[in-house]
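In what follows, a single structure is set out as structure tokens and then discussed.
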Amino acid sequence: MIFWRTLIGKIKCYCGKCEIIVVANKALGSFLCGCQDCRQAVKWAEFKGGQKGEDLQHTIYVPSDILRVKGKENMKPFLLREGGQSIRVYCVTCFSLLGVDFPAYNDQRFMFIGGHCVTDIDTSMDPAIAINMVDYPKDKEPSLPDGITVVNSIHDPDRDWTQIPEVKKIRETPPSNKGIRFSELIKELGSPTILGFEPGGSVRK
Ligand SMILES: [Zn+2]
Ligand SMILES: [Zn+2]
């Protein structure tokens, strides 16, 4: 017998008040990201009482296709600074980072960071590439998987990394359109709070 059912996955916060249900039980793929903004965002969450913010992030991509949201009253969007491009939605009770929108995601996908929310989505695939390693702290040695492709900056003119099959899958898989976009959820949550941090600066404000 064949059951036609929508495969779903949950992104939850650590305190349990917030939940985002997406149309996917497996991530599109993942990267490692050494950028200063991801790092600042998780270190701010740690400062606010959330999970420990590491230097290197495991960024996981899922379709921007949200069926249901619980605990919206506990969710708030934030920008690191005026003119910032990434909008990050946190649970403002436990400071789990529930999702990140970025213009290059084209409303097709959104991102969350491993260890900064709870999920039953399959995220077991190896990270496809390590990006923005130019931003990684100069006095530290990142622990990267053997043989992983390192992209100094996603803004580099060399775009060869976009042709790696695992990267193409992340960038080119359209959402099913069964649910709403992550950007629509952000709009429902109201204007982002601007934190006013300097790029790469301290989060203790
Ligand atoms: Zn929470
Ligand atoms: Zn990043």
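The values are calculated or read from the model by the stated rules, or taken from the named source; none is laboratory data. Since this is a predicted model, take the numbers as computed values, not measurements. All Cβ positions, even for glycine, are placed from backbone atoms using ideal geometry, and neighbour counts span all protein chains on display.
No other residue among ARG68, ARG88 is surrounded by 24 or more Cβ atoms within 10 Å (Cβ to Cβ) and in a strand (DSSP E or B) apart from ARG88.
Residues in segment 1-42 that are among the basic types (Lys, Arg) and surrounded by fewer than 20 Cβ atoms within 10 Å (Cβ to Cβ) were compared, and the one that is farthest from the chain's Cα centre (by Cα) is ARG5.
Against the test of being under 25 Å from THR162 (Cβ atoms) and either in contact with a helix residue (DSSP H, G or I) (Cβ under 9 Å, 6 or more places away or on another chain) or of a type outside the set (Phe, Trp, Tyr) (or both), the options GLY71, GLY84, GLY49 yield a single qualifying residue, GLY84. For LEU98, indicate whether it is over 24 Å from ASN132 (Cα atoms), among the aliphatic types (A, V, I, L, M) and not in a loop (DSSP other than H, G, I, E, B). Against the criterion (over 24 Å from ASN132 (Cα atoms), among the aliphatic types (A, V, I, L, M) and not in a loop (DSSP other than H, G, I, E, B)), LEU98 does not qualify. Within segment 179-205, the set of residues being surrounded by 13 or more Cβ atoms within 10 Å (Cβ to Cβ), modelled with pLDDT of 95 or more and part of a loop (DSSP other than H, G, I, E, B) comprises GLY179, ARG181, PRO192, LEU195, PHE197. Scan segment 1-29 for residues that are touching a helix residue (DSSP H, G or I) at 6+ places or on another chain (Cβ under 8 Å) and closer than 28 Å to THR173 by Cβ and the total you get is 5.
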